[in-house]
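Bear in mind that the values in this text are calculations on the coordinates, not laboratory data. Just so it is clear, the model here is predicted, and its values are computed rather than measured. Cβ: placed from backbone, ideal geometry, glycine included. Neighbour counts: every protein chain shown.
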Amino acid sequence: MLKFKRYGLGIIKGMTVTLRQLLRHPTVVQYPEQRLNTSRRIRGNELIWSRQRCTGCATCAKACPQGAIEIVTATDMKDNKFAVEKYRVDTGYCIQCGLCVEACPYDAVFLGSSYERAQYRRGDVVQTDDALLESADRPASGYFHPRLAQKMPEQTLLIDKINEKR
């Protein structure tokens, strides 16, 4: 014969967990109106390219497993080197793996810290030349660049930011 000494104890435990979570301060944000405090080590979904450092060797394009990077170069007979005519990244195909950043021998490619690249049209996610340059709106992340990572503010957890606001 079965004994039902603790019948309903699981339901009571489940309800206490639910009530405890119900009374906590929420850790979510209303996205378009409020922005999330991202980590300084975030790998955003955009690339940042340095025109001055790039030599047109196309190592980043060769390292890309998706083939999202396209480089068109021309020989500059005056300086005896390659000149980059077109640098194009299709962020629709990019999987943000960071292999292009790691492969670049001249530190000309960085991952950005922005994650807001969503567009309504497929052709709008393609970045070319000047759209890839670093600016105040598009800062480079410290991924695979320790010198940049040291200059960035100290990393904090999201829960610490929420506790500061209270």
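Taken over the chain, lysine pairs spaced eight or more positions apart, or on distinct chains, with alpha carbons under 21 Å apart number 6. Take every Cα pair under 8 Å whose residues are at least 6 apart in sequence, average their separation, divide by the length of the chain, and the relative contact order is 27 percent. Ranked by the mean number of other Cβ atoms within 10 Å per residue, highest first, peptides 119-127, 94-102, 106-114, 44-52 order as 106-114, 44-52, 94-102, 119-127.
When the helix-only estimate is applied to the chain (DSSP H runs of n ≥ 4, each -39,500 (n - 2.57), divided by the residue count), what is the mean residue ellipticity at 222 nm, nearest 500 deg cm²/dmol? Mean residue ellipticity at 222 nm (helix-derived): -6000 deg cm²/dmol. Cys residues of the chain that find no other Cys beta carbon under 4.7 Å: 54, 57, 64, 94, 97, 104. Between helix 9-22 and the chain there is an angle of about 50 degrees, using the helix long axis and the longest principal axis of the Cα atoms.
With the gyration tensor restricted to C-alpha atoms of the chain, the semi-axes of the equivalent ellipsoid amount to 48, 19, 15 Å, longest first.
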